[in-house]
1. Between MET4 and THR49, what is 0.36 nm times their sequence separation minus the Cα-Cα distance? Round to one decimal in nm.
2. Rg and Dmax in Å for the chain, alpha carbons only: what are they?
3. If you take the charge dipole of segment 3-159 about its Cα centre, with +1 on Lys and Arg Cβ and -1 on Asp and Glu Cβ, which of VAL150, ALA59, GLY33 is farthest toward its positive end?
4. Considering only ARG116, ARG140, ARG52, give the residue with the highest GNM mean-square fluctuation for the chain, with springs between Cα atoms whenever their separation is below 10 Å.
5. On full extension of the chain, what length is gained from LEU137 through ARG72, given 0.36 nm per residue of separation minus the C-alpha to C-alpha distance?
6. If you line up the long axis of helix 3-23 against the longest principal axis of the chain, both from Cα atoms, how many degrees apart are they, to the nearest 10?
7. What distance in nm lies between label points placed 7 Å from Cα along the C-beta direction at ARG121 and LYS22?
8. Could you please rank VAL62, VAL102, placing first whichever residue has the fewest other Cβ atoms within 10 Å of its Cβ?
Amino acid sequence: MDGMVLGVSSALLLSACWTDLKRLRIPNAITFGFACAGLAFHLLSDGWTGFRFSASGAAAGVLPLLLLYVLRGMGGGDVKWFGAFGAWAGALTALQLLFFSVLWAGGISVVLLLLRVPGIRHWGSQLPWPWGDHPVLAGRKAAFPFMLAVAPAFLSSLIFGGFQPQ
């Protein structure tokens, strides 16, 4: 990932994390603004080849998540965020980040389930939970901002070389 794309992708991640952690929402102004800028940047820098790269990245970011959105397993802002990320980073990188984000989300979900184990339940209920019903009490309704999984996936991909220029 080149420096410009990395910088913009990092700004996209930080702005989405901020709003998702504060309000459990990623505004359209962030997702659509970054997506349009990504399409324009790649069109202007590489012509129609760049535009196809960006559009296929946006599609790769959105399409795998549509089913989760329809089943209410994920919010629409998260789906659009991956589209915006893909518009900048391309299809392969968007799919890599999606894969690692799902792994991190699975790890977070395991921790939330462990908080409900009888020996841990009392300790778990003492943890602050600003995102709706506390996971100890919510059962299957427990939720967390998906950016809690995307941010460490993004960082671990950078550290361990998961993002490669395309």
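Throughout, read-outs are computed from the coordinates displayed, never taken from laboratory work. It should be emphasised that the depicted structure is a prediction, and the values quoted were computed from it without experimental measurement. Here Cβ is always computed from backbone atoms with ideal geometry, including for glycine, and neighbour counts include all displayed protein chains.
1. That pair, MET4 and THR49, stretches by 14.4 nm at full extension.
2. Taking only Cα atoms of the chain, I get Rg and Dmax of 17.0, 60 Å.
3. The listed residue farthest towards the positive side: VAL150.
4. Checking each option, the largest mean-square fluctuation is seen for ARG140.
5. 21.4 nm
6. 30
7. Reported label-point gap for ARG121 and LYS22 is 3.7 nm.
8. Going from sparsest to densest Cβ surroundings: VAL102, VAL62.
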